1. Considering the range A:114-138 alone, what residues qualify as being among the aromatic types (Phe, Trp, Tyr) and within 14 Å of chain B (Cβ to nearest Cβ)?
2. Suppose we keep only residues that are in contact (Cβ under 8 Å) with a residue 40 or more places away in the chain and of a type in the set (D, E, K, R) within the range A:424-457. Which one would you say is farthest from the other protein chains (Cβ to nearest Cβ)?
3. So, in the range B:277-291, of the ones that are more than 12 Å from chain A (Cβ to nearest Cβ) and touching a helix residue (DSSP H, G or I) at 6+ places or on another chain (Cβ under 8 Å), which residue ends up surrounded by the fewest Cβ atoms within 10 Å (Cβ to Cβ)?
4. Can you pull out the residues in the range B:238-259 that are within 27 Å of A:Leu212 (Cβ to Cβ) and open to solvent by 30 Å² or more (accessible area, probe 1.4 Å)?
5. Look through B:Val79, B:Val51, B:Val17 and report the one residue that is farther than 30 Å from B:Glu384 by Cα and crowded, with 22+ Cβ neighbours inside 10 Å.
6. Among what's in the range A:289-315 and is hydrophobic (A, V, I, L, M, F, W, C) and assigned to a loop (DSSP other than H, G, I, E, B), pick the residue that is nearest to A:Ile238 (Cα to Cα).
7. Would you mind finding the one in B:Val86, B:Val157 that is out of contact with any strand residue (DSSP E or B) (no Cβ under 7 Å at 6 or more places or on another chain) and among the aliphatic types (A, V, I, L, M)?
8. In the set A:Lys122, A:Lys191, A:Lys180, which member is outside the structural domain of A:Arg344 (by TED's automatic domain parsing), surrounded by fewer than 21 Cβ atoms within 10 Å (Cβ to Cβ) and basic (Lys, Arg)?
Number of protein chains: 2
Amino acid sequence: MKDLIAQLERIVGQDQVLKEPEDLIPYGFDGTAVLKEPAMCVVFPADVNEVAAVVGVAASHGTPIVTRGSGTGLSGGSVPVRNGVVVCLLRLNRILEIDARNLTISAQCGVITKDIADEAAKAGLFYPPDPGSMKISTIGGNVAENSGGLRGLKYGVTRNYVMGLEAVLPSGEVCWFGNKCVKDVAGYSMKDLFIGSEGTLGIITRVLLRLLPKPASRRTLLASFSSMEAAAATVSAIIEARVIPCTLEFLDRVTVRCVEDYAGIGLPLEAEAILLMETDGHPAVVAEEAKQMTVIARENGATDVKVAADEQEGERLATARRAAFSALARMKPTTILEDATVPRSELTKMVRKIQEVGERYNLTIGTFGHMGDGNLHPTILTDEKDADEMDRVEKAMHEMFEYAIELGGTITGEHGVGLAKKPFLPRQFTESSYALMKSLKRTLDPDGLLNPGKIFD
Amino acid sequence: MKDLIAQLERIVGQDQVLKEPEDLIPYGFDGTAVLKEPAMCVVFPADVNEVAAVVGVAASHGTPIVTRGSGTGLSGGSVPVRNGVVVCLLRLNRILEIDARNLTISAQCGVITKDIADEAAKAGLFYPPDPGSMKISTIGGNVAENSGGLRGLKYGVTRNYVMGLEAVLPSGEVCWFGNKCVKDVAGYSMKDLFIGSEGTLGIITRVLLRLLPKPASRRTLLASFSSMEAAAATVSAIIEARVIPCTLEFLDRVTVRCVEDYAGIGLPLEAEAILLMETDGHPAVVAEEAKQMTVIARENGATDVKVAADEQEGERLATARRAAFSALARMKPTTILEDATVPRSELTKMVRKIQEVGERYNLTIGTFGHMGDGNLHPTILTDEKDADEMDRVEKAMHEMFEYAIELGGTITGEHGVGLAKKPFLPRQFTESSYALMKSLKRTLDPDGLLNPGKIFD
């Protein structure tokens, strides 16, 4: 072990390796509740060559590697492996190029996602994926997890914006896949294999992202409902009316109260559920869609529909929504955030199930999420020290996952499998599909060096 | 061999196996020039179970399998392997479900792509990918090749619309990957590995596709130019002005004359190049974008810009454009269609190179293509019996591919690698990236049964 650390120090410099127990603590967990594990050491390489060298050295010792960005993951994907090396990529933080002619941006993996969006905006361009964590999470982490966000309904997820990526393989080789071409069918789509692979196949060190022209205008609406079903029905009706707004976010009563307490922006505390609806694009389209959504919400039982006075107010509402997790997390010692996702047509059933399960197991659940994507985040407010309650939490989660799969859904819409959802993954796949995924892992990482024990054993 | 055929006949029925040399001829080639190879037999399974059984029997004999839809491929991907079985999937031709609530359509692989689009349109929905062959090509073939089309600029390619697929593995196992969820990050994105894998990893038997609301209106414009560079500059200027029309198609003088001769719809014969531009969406947006494109085309040297009187006239122009390949193919015995693709910013350079190479090697090249995607189709009109000219064709193609790669492009934007571009593939990848692709092939198809010799050896 000492030998390995000395070798790592020679690669990245002594001041770029953490090895004291107290220094390792903040790198022993990510944004996921309960999961913790200390690493042997944390290294901070400066560039891709150092990453490759670190991988080579760790491999020669047979030591596992866990890659980490800002550690905001919500499925334990970057929780260390005991006696493993954590490779933290925050120093690879340069935006390399913005290409306005080809509508692309190129960046190192450690760039904060919001910086990508801001840099694009400066050039009149738009990077749509906006995970809740975008102010702190890294673009490399977003790509490794295939992060979603609030605009998935209209704009898709991170995968839809990755045109190319550089990855360090477990062998220490550096590969690049992709280019600035809008169309490219030469060979297998290797980049798609790495996107969402949660650090188990390679270490993503650089990305090339597609940008869009910035929408000319946007409008935000806030609708209040006296039942969760009415909000869900509104979402279905909007999509059936062939309106595809950029955002259809949902917050239940528990979440609204927590967020209001946290952010104080005047959310309607008496509502059982609220919908935050945003439309963007050409001003004429925005005006029409805002009108349509208002009418549809009212027809489906909205007690009130407010239009944000301007973009600033709209932005404040979206920021409040992004704070939902943090706001809920303040209420109890342990916050377990799930993201079972169902086809949009099954939303009402799923919402009812979450309520029913919460009541039956006597749990406090705040639910919010990307209703337009069928992507709900039931958030269980609990205390990991309360063994009896944790047992009920476990059972409730299990029921929710089972039901989501039964409805044709998935155990994870945007948070990844990691450690947290690993036991449920085989339920979603047939035996041969599951075996096929594992065989890919063995092909790319025969010695199981990269993020072992994540996604599957 | 007799034994194998008897077993196959027991699975699919005697009348669903072709084995006489004269019956095999039409299945010995696809849409690609020059490439021909007779199969041992052609089988027509009725459903996925028969496909799986056929694979199992062929595998037990160690006999290679080539999958085929309508045989419209342009890289030799479905050209038989000598003494191999051709599995033709045209009998799996049922549309299974259109789900207007989730905006999806589910179909067997042998459904004709245009039937998918028409069925969606009946429900007020829209399936955007529109490869030139869409009136005859199958959706399974489109997915296996990740087909592009005329609307790539705004709407992307086939990959962007595949939410799920069923594949028969070389082992005969049937796997399903995907669901109706807009977001799903459970496990590796296996479907993305099969999309564009050209029949080398599995046989795609069923697909679940994403649909969009049908755009409310569309408008088609036809701009004439006195030089190819002016047309290319117009395309760049449109995108730099942040306008993303659904179609920016280009035809050079040679192609315009052939198409006019073939379709007689009044194309401007005196132009050196024409651009077919289409915008769709909300009427206000369409009107504005049409105006912007007209102004930009004029500023960049358009000698004339015509607006189609109505959607019917627009459709006639698009149909004429889709006929470009057929129209050119009538001129000479052999038509070699390429689809080297470059980043949009490099279009002018690529266009010049094609002209220069054509002149230097004294070849007749008609160029058309999806200029908005940087995806050009230089089409060499030649005669495979003229050995000297074929030698020059070979050299010219080589130079074009090399230049496309040098410009950061790809050897194939939408036609696939198949047999035709196999020799050029290693040029586009580093050694380790190329090796990694081959290792995936070995993992999924260890005995090399599926479409052997396609993409790579």
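1. Taking the range A:114-138 as the starting set, the residues that turn out to be among the aromatic types (Phe, Trp, Tyr) are A:126-127.
Within the range A:114-138, just A:Phe126 meets the criteria.
2. Taking the range A:424-457 as the starting set, the residues that turn out to be in contact (Cβ under 8 Å) with a residue 40 or more places away in the chain are A:440-441, A:444-455.
After this cut, where a residue has to be of a type in the set (D, E, K, R) as well, the list is A:441, A:445, A:447, A:454.
Working: A:Lys441: 8, A:Asp445: 12, A:Asp447: 15, A:Lys454: 11 Å.
So, considering only residues that are in contact (Cβ under 8 Å) with a residue 40 or more places away in the chain and of a type in the set (D, E, K, R), the one farthest from the other protein chains (Cβ to nearest Cβ) is A:Asp447.
3. So the first thing to find is which residues in the range B:277-291 are more than 12 Å from chain A (Cβ to nearest Cβ), and the list is B:277-278, B:280, B:290-291.
Filter once more, so that each one left must be touching a helix residue (DSSP H, G or I) at 6+ places or on another chain (Cβ under 8 Å): B:277-278, B:280.
Values: B:Met277: 31, B:Glu278: 27, B:Asp280: 24.
Within the range B:277-291, the match that is surrounded by the fewest Cβ atoms within 10 Å (Cβ to Cβ) is B:Asp280.
4. In the first step, residues of the range B:238-259 are kept if they are within 27 Å of A:Leu212 (Cβ to Cβ); the result is B:238-250.
Selection gives B:Glu240, B:Ala241, B:Arg242, B:Ile244.
5. Working: B:Val79 fails: farther than 30 Å from B:Glu384 by Cα; B:Val17 fails: crowded, with 22+ Cβ neighbours inside 10 Å.
On inspection, the qualifying residue turns out to be B:Val51.
6. Of the residues in the range A:289-315, the ones hydrophobic (A, V, I, L, M, F, W, C) are A:290, A:293, A:295-297, A:302, A:305, A:307-309.
Checking the rest, the ones that are also assigned to a loop (DSSP other than H, G, I, E, B) come to A:308-309.
On the way: A:Ala308: 19, A:Ala309: 22 Å.
Looking at residues that are hydrophobic (A, V, I, L, M, F, W, C) and assigned to a loop (DSSP other than H, G, I, E, B), I get A:Ala308.
7. Numbers: B:Val86 fails: out of contact with any strand residue (DSSP E or B) (no Cβ under 7 Å at 6 or more places or on another chain).
Just a single option satisfies the conditions, and that option is B:Val157.
8. Working: A:Lys191 fails: surrounded by fewer than 21 Cβ atoms within 10 Å (Cβ to Cβ); A:Lys180 fails: surrounded by fewer than 21 Cβ atoms within 10 Å (Cβ to Cβ).
Step by step, each of A:Lys122, A:Lys191, A:Lys180 is checked, and only A:Lys122 is outside the structural domain of A:Arg344 (by TED's automatic domain parsing), surrounded by fewer than 21 Cβ atoms within 10 Å (Cβ to Cβ) and basic (Lys, Arg).
The values are calculated or read from the model by the stated rules, or taken from the named source; none is laboratory data. Note that the coordinates shown come from a computational prediction; the quantities given were computed from them, not determined experimentally. When we count neighbours, we look across all protein chains shown, and the Cβ atoms used for this are built from the backbone with ideal geometry, even at glycine. Ligands, DNA and RNA are stripped out before the accessible areas are found, and what is left, the full protein with its side chains, is counted by its heavy atoms. Shrake-Rupley method; radii C 1.70, N 1.55, O 1.52, S 1.80 Å.
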